[in-house]
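The values are calculated or read from the model by the stated rules, or taken from the named source; none is laboratory data. Owing to the predicted nature of the structure, the values given are computational and were not obtained by experimental measurement. Reconstructed Cβ throughout: ideal geometry from the backbone, glycine too, with neighbour counts over all protein chains shown.
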Amino acid sequence: MSIYTGPVFEMARKQFVVIADHLEIPEDERDRLLYPKRAVTVSVPVHRDDGTTAVYQGYRVQHHLTMGPTKGGTRFSANLDIGEVAALAIWMSWKCALVGLPYGGAKGGVTVDPPSLSLRELEGLSRRYMQEMIPFVGPHTDVMAPDMGTNEQVMAWFMDTYSAYLGHTVTEIVTGKPVAAGGTVGRREATGRGVVHLAMRAAELLQINPSGARAIVQGFGNVGAVAAAELAARGVKIVGVSDHTACLYDARGLPMEALQKHVAARKVLAGFSAEAAFDPGALLAQPCEFLVPAALERVIDADMAKRLNCRILAEGANGPTTPEADLVLDGRRDEIFLIPDILCNAGGVVVSYFEWVQDLQQLFWEEAEVNQRLRQILDRAFNAMMARVGREHISHRTAAMAAGVEKVFAAKKIRGLFP
Ligand code: NAD
């Protein structure tokens, strides 16, 4: 099992041990639950624009096939390794089980810095990666989706490459596609929308009025930018935002419309305002009611957890909080209300599931139906987590993860060793 190494995998493993202990899962059943069923690595050669050929390393990890096909995003990122991909696949499993989707978790990606590629090179990389994956994926085996560094366009190239191989259009092979290529309305916004819906549920419990409350959002991509816009639409003042190019803070609130226009034109926050430039290392510790990490893993370590000055921590990113930070947050339960990642960002996979269902049926829904069903599923999982917290006196993360792990464990026990 030693191919899965690195700090992100170690984090997923430590979290699992906490849950397995809480659920009293026998020692000899634990490896079967934790370690992925299958991992594939491929070489992805690309002709560069300068005439040279470069080879990138690609991965796909399928955690378990016990409850249906596997499902999970594809990440293009400069530091990606198989341990990180495996951790993300494992988290997807607990997430899908928690919200009641008929999937196991998967994740994949390529170790590449996307901004280093031209559009033509990105298309070449995307198509070749999918081509290498054809023997291992399928609408009833493993269904891909976007993640960091990939987007609707990449999903359209994946779908087109798979369809060209089969000789007919197979929209249900990936989710997160553009609506024009068989995607669903509401998918692009789903993760950020879900984050904010749950943040509002927490605010209601804590009797925080969103109007005039403050928010800080780390990451201004698919999840962060939508979350910031949805918060602003509810009257929340966005006092801080950051991406990999800039960090901005203004206690009076940042002008969201101007910021969105800037990012639509330039793709990044850099160049927006020299006046509001801020230290990225200090952003998360600034006072606010809503803190939304929506970029990288492990940005909240034990030290940062002590410094947090928010009332609600809504984890848009996967794995932003280390197990050591969780111990600190456990001691600050009365001060900081945690919405753990596997629940908080589940809106994306929920609407991906809706997309897959619509593609399989070739019957498409209105956006109002997508959003209403999304809220219903998230509410059910949120209520179940809060009920468990009350019953078992455990942290929000332990409650959410326990709900996911125990469902997978039960299914594996019933089915036997195969899946
Ligand atoms: P994205 O590529 O669209 O955006 C990522 C953002 O993070 C970019 O704005 C980037 O500049 C920023 N970023 C990178 N390094 C940073 C740094 N050091 N400091 C501050 N910002 C930094 O990716 P995304 O789809 O928005 O995903 C973000 C997170 O949300 C990831 O953890 C991903 O796994 C998780 N997630 C995404 C979805 C989805 O539907 N896209 C669903 C569930 C979870």
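Criterion first (more than 16 Å from the ligand (Cβ to nearest atom), buried (at least 21 other Cβ atoms within 10 Å of the Cβ) and assigned by TED's automatic domain parsing to the domain that holds Cys288) does Ala213 satisfy it? Walk me through how you get there before you give the answer.
Numbers: more than 16 Å from the ligand (Cβ to nearest atom): yes; buried (at least 21 other Cβ atoms within 10 Å of the Cβ): no; assigned by TED's automatic domain parsing to the domain that holds Cys288: yes.
So Ala213 does not fit the description; no.
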Mind listing whichever residues of region 144-175 are closer than 14 Å to Lys107 by Cα, touching a Ser or Thr at 6+ places or on another chain (Cβ under 6 Å) and of a type in the set (A, V, I, L, M)?
-> Met144, Ala145, Met148
Please determine, by comparing only the residues of region 82-115 that are part of a loop (DSSP other than H, G, I, E, B) and out of contact with any strand residue (DSSP E or B) (no Cβ under 7 Å at 6 or more places or on another chain), which one is nearest to the ligand (Cβ to nearest atom).
-> Asp113
Test Gly404 against the criterion of being closer than 18 Å to Gly105 by Cα and not charged (D, E, K, R), and give yes or no.
-> yes
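Mind telling me which of the residues Gly224, Gly176, Gly219 ends up being at pLDDT 95 or above, within 16 Å of the ligand (Cβ to nearest atom) and assigned by TED's automatic domain parsing to the domain that holds Met133?
That would be Gly176, the only listed residue that is at pLDDT 95 or above, within 16 Å of the ligand (Cβ to nearest atom) and assigned by TED's automatic domain parsing to the domain that holds Met133.
Return yes or no: is Gln207 near the ligand (Cβ under 9 Å from one of its atoms) and either in contact with a helix residue (DSSP H, G or I) (Cβ under 7 Å, 6 or more places away or on another chain) or at pLDDT 95 or above (or both)?
No: the conditions fail for Gln207.
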Pick from Ala294, Ala282: which is under 29 Å from Arg388 (Cα atoms) and under 24 Å from the mean Cα position of the chain (by Cα)?
-> Ala294
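Just a yes or no: is a residue in region 297-307 without any contact (Cβ under 8 Å) to a residue 12 or more places away in the chain and either away from the ligand (no atom under 13 Å from the Cβ) or within 29 Å of Gly212 (Cβ to Cβ) (or both)?
Looking through region 297-307, at least one residue is without any contact (Cβ under 8 Å) to a residue 12 or more places away in the chain and either away from the ligand (no atom under 13 Å from the Cβ) or within 29 Å of Gly212 (Cβ to Cβ) (or both).
Listed here are the residues, each with its yes/no results for (1) charged (D, E, K, R); (2) over 16 Å from Gly192 (Cβ atoms); (3) assigned by TED's automatic domain parsing to the domain that holds Gly176.
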| position | (1), (2), (3) |
| --- | --- |
| Ala317 | no, no, no |
| Leu329 | no, yes, no |
| Gly347 | no, no, no |
| Arg375 | yes, no, no |
Given the conditions (1) among the hydrophobic types (A, V, I, L, M, F, W, C); (2) more than 28 Å from Ala225 (Cβ to Cβ); (3) at pLDDT below 95, which single one is not true for Phe136?
-> (3)
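To keep it simple, each residue is scored yes or no on (1) at pLDDT 95 or above; (2) out of contact with any Pro (no Cβ under 9 Å at 6 or more places or on another chain); (3) not in a helix (DSSP H, G or I).
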{"residue": "Leu343", "(1), (2), (3)": "yes, yes, no"}
{"residue": "Asp359", "(1), (2), (3)": "yes, no, no"}
{"residue": "Phe364", "(1), (2), (3)": "yes, yes, yes"}
{"residue": "Asn383", "(1), (2), (3)": "yes, yes, no"}
{"residue": "Val389", "(1), (2), (3)": "yes, yes, no"}
For region 244-267, name all the residues that are touching a residue at least 40 places away in the same chain (Cβ under 8 Å) and either of a type in the set (Val, Ile, Thr) or away from the ligand (no atom under 16 Å from the Cβ) (or both).
-> Val263
So which residues in region 286-315 are over 18 Å from Ala199 (Cα atoms), surrounded by 18 or more Cβ atoms within 10 Å (Cβ to Cβ) and among the aliphatic types (A, V, I, L, M), if there are any at all?
-> Val299, Ile300, Met304, Ala305
Determine which single condition Arg60 fails, assuming it passes every other condition in (1) within 21 Å of the chain's Cα centre (by Cα); (2) outside any strand (DSSP E or B); (3) among the basic types (Lys, Arg).
-> (2)
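Would it be correct to say that Gly105 is crowded, with 21+ Cβ neighbours inside 10 Å, within 23 Å of Phe220 (Cα to Cα), in contact with a Gly (Cβ under 9 Å, 6 or more places away or on another chain) and not β-branched (Val, Ile, Thr)?
Numbers: crowded, with 21+ Cβ neighbours inside 10 Å: yes; within 23 Å of Phe220 (Cα to Cα): no; in contact with a Gly (Cβ under 9 Å, 6 or more places away or on another chain): yes; not β-branched (Val, Ile, Thr): yes.
No.
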Report, by residue number, each residue of region 180-204 that is of a type outside the set (A, V, I, L, M, F, W, C), closer than 30 Å to Val143 by Cβ and more than 16 Å from the ligand (Cβ to nearest atom).
-> Gly182, Arg201
Would region 186-196 turn up any residue that is touching a Pro at 6+ places or on another chain (Cβ under 6 Å) and buried (at least 24 other Cβ atoms within 10 Å of the Cβ)?
-> no
